[in-house]
Structure formats: structure tokens, C-alpha cells
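Heads up: the structure comes next, in C-alpha cells.
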Amino acid sequence: QVQLVESGGGLVQAGGSLRVSCVASGSIFSINAMGWYRQAPGKRELVAIITSSGSTNYADSVKGRFTISRDNAKNTVYLAMNSLKPEDTAVYYCHASLRTSPYNAWGQGTQVTVSS
């Protein structure tokens, strides 16, 4: 089993920056890719993903502002968020795509609130 724990959320003013982290433990070998989702009332979207090879993809809404990175030695994935906007406010969830059942793992989420 893979366990994911997020940290680093908080309150930031619009235009500010924040970095959230996700530490993975357990069956790390089964992780194929990791990413970040965010959830706000009535909305859930994929923000960014990074594959085991290091390729990245971003939602159009965050391109140019957010950067996902991975430190395999620390079993940690990061999401650096710059030029934050109030619409970025959400609970950010770390996600892992697994090569084996159950094929997905989720963290408990970390709240990011951007004030205007």
C-alpha cells in the first residue's frame, strides 16, 4: 500500500507564492506517476502531474504559474505555486498512479487559501 501525506498549505495573498509537498511511503516501487488535484465546492480538477521519467503536464489554468517537481531520494513531490489567484483557493490533494491494485492512492489534502 502507498500512503501520501501533504503539507505546506496555508493562507497567502493574491500574487504570492506557496509550495506544497507530498511525501510518499509504503510500496514506492509501484508508483508510476504522481500529481496534484484540487477540490473546491462543485469543482475537482487535475492541476499537474509528473511521470516516473520526469515528464510534466499542467492544467491550462495554472500553466506558467505552477511547477511540479519530484525528489525520488526523498520520495517527495512538490507543487510550487506562484502568482496565486483567489480562484486557486482549494484543498490540494496529492495523487499517485500505481502499477498495481488499487492503482490509485490519495493524500488527505492540504488547504490553500488565496485572499484578494
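Some notes on this structure:
- Among the residues of region 59-68, those identified as open to solvent by less than 60 Å² (accessible area, probe 1.4 Å) and assigned to a strand (DSSP E or B) are PHE66, ILE68.
- Residue satisfying condition, being closer than 23 Å to GLY16 by Cβ and open to solvent by 40 Å² or more (accessible area, probe 1.4 Å), within set LYS74, LYS85: LYS85
- Total residues in region 89-113, condition open to solvent by less than 50 Å² (accessible area, probe 1.4 Å) and either farther than 14 Å from GLY8 by Cβ or of a type in the set (Gly, Ala, Ser) (or both): 9
- Those residues of region 54-83 which are aliphatic (A, V, I, L, M) and either under 21 Å from VAL2 (Cα atoms) or more than 15 Å from the chain's Cα centre (by Cα) (or both), in sequence order: ILE68, ALA73, VAL77, LEU79
- Region 9-26, residues that are outside any strand (DSSP E or B) and open to solvent by 40 Å² or more (accessible area, probe 1.4 Å): ALA14, GLY15, SER17
- Any hit, region 62-81, residues being of a type in the set (S, T, N, Q) and touching a Gly at 6+ places or on another chain (Cβ under 8 Å): no
- Only a single criterion out of (1) over 16 Å from ASN104 (Cα atoms); (2) aliphatic (A, V, I, L, M); (3) at pLDDT below 95 is not satisfied by ALA14, namely (3).
The values are calculated or read from the model by the stated rules, or taken from the named source; none is laboratory data. The structure displayed is predicted, hence computed values, not measured ones. Note that we place each Cβ from the backbone using ideal geometry, even for glycine, and neighbour counts take in every protein chain shown. For accessibility, only protein heavy atoms count, side chains too; no ligands or nucleic acids. Shrake-Rupley method; radii C 1.70, N 1.55, O 1.52, S 1.80 Å.
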